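Accompanying notes for the structure given below.
Coordinate-derived values only; no laboratory data. What you see is a predicted model; the values in this text were computed from it and never measured. Cβ: placed from backbone, ideal geometry, glycine included. Neighbour counts: every protein chain shown.
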Amino acid sequence: MPMRRARSLHGYPALLRRGCPKVPDSLSANSTGAANPPKGTTGVRVLSLMIALAAASWTSAQTLVERLGFKPTDTVLIINCDDAGMCHAENLATFDCLTQGVATSATVMMPCPWVMEVVQWKREHPDAALGVHLTLTAEWQRYRWAGVLGRTLCPSLHDEEGYLYHDNEPLWEHANADEAYKECRAQVERAIELGLDPTHIDNHMGSLQTHPTLWQVYCRLGEEFNLPLRLAAPELYALMGAAGQRDVYEQKGVLGPDVLLHGPAIPVPEPRSIADVPAYYNEILRKLQPGKVTELYLHTALDGPELQAIAGSHERRQADRDWLCAPETRALIDQLGIKLISYRPIRDLQRKAGAR
């Protein structure tokens with residue numbers, strides 16, 4: 001039986017060519033003129049600048065894999081569970097994958113109704129690596145949520161029913177970039193206030209980082225909170241009409257994986273049935289690039305009445321959970337010599353580099 005495909009972003013290049021609010025200058029980094037230095041300090045500043053440039057040159061010569069302490073040829077993998085907090089079934093599967101399976105991190109949808117279950121679980125599992133899944137869309141027909149700031153403070157982000165838009169296209173048609181920034185910043189602040197200690201930031205349905213201008217909101221948050229971001233390859237950004245994104249992130253000291261397995265970056269055809277899901281992921285593991293930090297993200301949940309009432313992808317989400325928790329998956333990772341990490345060491349590296 002053909003598998004029902006989950007809602008995806010495979011069609012976003014066409015949508016990106018449509019109009020959207022331009023990010024105002026206020027969202028860009030501020031630039032100020034430097035004051036004249038006091039007498040006698042010019043030589044010291046020049047020497048400091050030379051030392052900083054030499055350190056930066058050495059750092060840039062190293063790959064992210066090497067900077068994280070691995071051998072240049074090591075294959076390094078982050079396995080992230082998206083959509084934590086969305087519902088109870090999503091949470092239970094995510095917890096399974098982080099404690100019994102091979103998942104190394106998860107990202108939390110702060111506007112969603114089941115966030116507090118994740119918060120309570122985090123208190124019992126303080127070492128768990130959890131990030132913020134910036135959420136500006138609510139895609140399901142009968143299960144919706146508003147932003148954490150709500151419609152009153154961010155009216156352009158909400159539909160006439162008071163919920164976040166179903167998909168990226170209506171969001172991009174109506175969104176005010178300043179409101180998008182305020183809402184997303186509030187989501188990260190909420191995660192910090194609740195003790196989630198975010199290790200990174202990514203974005204639900206790519207509503208920010210797949211947009212030609214709203215990605216600047218995404219970049220700004222990574223810089224302001226000094227957190228790594230889920231990043232795609234330069235070629236994918238060029239396809240989206242936002243070429244040069246990775247250069248800007250690098251200039252601002254914001255780190256992210258070298259490779260994001262999404263869309264054209266996935267070296268394996270999509271599985272044709274639920275039974276093909278394990279083989280699909282196993283083949284992805286075999287084709288990971290040595291010398292790169294790769295992120296593989298999945299959507300895991302327990303199939304049952306709750307999930308079936310929400311998502312047409314309930315069978316696939318169960319299959320994703322089962323693959324992550326299968327002993328055979330861990331055995332294959334060990335056999336292939338893949339090094340598993342979470343985003344935490346990347347966060348530590350980013351903050352250490354920024355403190356120099």
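Note that region 261-271 has calculated 3J(HN,Hα) couplings of 7, 8, x, x, 7, 7, x, 9, x, 4, x Hz, one per residue in order, obtained from phi through the Karplus relation 6.51 cos²θ - 1.76 cosθ + 1.60 (θ = phi - 60°); glycine and proline are x.
Couplings 3J(HN,Hα) for region 218-231, derived from phi with the Karplus relation 6.51 cos²θ - 1.76 cosθ + 1.60 (θ = phi - 60°), are 4, 4, 4, 5, x, 6, 5, 8, 6, 10, x, 10, 5, 10 Hz, where x marks Gly and Pro.
Taken one residue at a time, the phi angles of region 319-334 give Karplus couplings (6.51, -1.76, 1.60, θ = phi - 60°) of 5, 4, 4, 5, 5, 5, 9, 6, x, 5, 5, 5, 5, 5, 4, 5 Hz. Gly and Pro are set to x. For the pair Arg272 and Glu224, the difference between a 0.36 nm per residue extended length and the Cα-Cα distance amounts to 13.1 nm. In this structure, the amide hydrogen of Thr137, modeled 1.01 Å from its nitrogen in the peptide plane, lies closer than 5 angstrom to no residue at least 5 positions away or on a different chain.
For Ile78, the residues whose modelled amide H falls within less than 5 Å of its own, excluding neighbours fewer than 5 places apart on the same chain, are Thr294, Glu295, Leu296, Ile341. Each peptide in 191-199, 172-180, 332-340 receives the mean, over its residues, of other Cβ atoms within 10 Å, and ordering these scores from highest gives 172-180, 191-199, 332-340.
If you average over every viewing direction, what projected area does the convex hull of the Cα atoms of region 44-354 give, in nm²? List each step's numbers first, then the result.
On the way: hull surface 67.2 nm².
For region 44-354, the mean projected area of the Cα convex hull comes to 16.8 nm².
Short-range pairs are left out: with C-alpha atoms under 8 Å and at least six residues apart, the relative contact order of region 44-354 is 25 percent.
Shape annotation for region 206-278: C-alpha extents along the principal axes are 43, 24, 20 Å, from largest to smallest. Taking the average, over residues, of other Cβ atoms within 10 Å as the packing measure, peptides 213-222, 160-169 rank 213-222, 160-169 from highest down. Model label points for Glu124 and Glu250, set 7 angstrom from Cα along the Cα-to-Cβ axis, are 4.4 nm apart.
A crude spin-label estimate for the pair Met116 and Thr99, with each label 7 Å from Cα along the Cβ direction, gives 2.0 nm.
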